[in-house]
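Have a look at the structure below before the remarks.
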Amino acid sequence: QVQLVESGGGLVQAGDSLRLSCAASGRTFRSYAMGWFRQAPGKVRIFVAAINWSGNVIYYADSVQGRFTISRDNAMNTVYLRMNSLKPEDTAVYYCAADASPLTPSRTTGIDYWGKGTLVTVSS
């Protein structure tokens, strides 16, 4: 079992930055691919970014490429999402995810573990 707890969300203005963290329990953290997804009000959950177990394979959604950076610290059992140049359309609940199989932009279902989410609100 892996439990995921997100933190770092909040209310910011357009152009600001935030760093989300996801702390994972379990001694097998380093074997899981980790990812971030988001769900805006009234919309479906979509892929944002993912990173493989070693950190050398990373994917981003086109909408965040160049603005967001995903990273992980296996010693700390934590994955991060650095978000720069935030836009109002980035407003959403951000969810951390973990899976024993690779996480890619096309995968939004059948994922092993989810956190409960952290709300990011970007005002214009």
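For the reader, a short list of remarks on this structure follows.
- Choice from THR109, THR69, THR28 with maximal GNM fluctuation in the chain (Cα, 10 Å cutoff): THR109
- Span from the region 73-97 Cα centroid across to the region 16-33 one, whole angstrom: 9
- Whole-Hz couplings from phi, Karplus 6.51/-1.76/1.60, listed for region 2-9; x for Gly and Pro: 10, 10, 10, 10, 8, 7, x, x
- Rounded to the nearest 10 Å², the accessible area of SER7 at probe 1.4 Å: 60
- Near TYR113, the amide H atoms lying under 5 Å from its own belong to ALA98; only residues 5 or more places off or on other chains count, and H is placed 1.01 Å from N.
- Carbon + sulfur, % of accessible area of the chain - ligands and nucleic acids excluded, 1.4 Å: 50
- Considering only alpha-carbon pairs that sit under 8 angstrom and 6 or more positions apart, the relative contact order computed for region 9-61 is 24 percent.
- Close amide H contacts of THR91 (hydrogens built in the peptide plane, cut-off under 5 Å, sequence separation of 5 or more or a different chain): VAL122.
- The phi torsions of region 43-57, fed into the Karplus equation with coefficients 6.51, -1.76 and 1.60 and a -60° offset, translate into couplings of 10, 7, 6, 10, 6, 10, 7, 8, 9, 7, 4, 8, x, 9, 10 Hz, rounded to whole numbers, with Gly and Pro shown as x.
- Per residue, in Å², the accessible surface of the chain once ligands and nucleic acids are set aside, probe 1.4 Å: 52
- Rel. contact order, % - alpha carbon contacts under 8 angstrom, at least six apart, the chain: 36
The values are calculated or read from the model by the stated rules, or taken from the named source; none is laboratory data. These figures come from a predicted structure and were not determined experimentally. Ligands, DNA and RNA are excluded from the accessible area calculation, which covers all protein heavy atoms including side chains. Shrake-Rupley method; radii C 1.70, N 1.55, O 1.52, S 1.80 Å.
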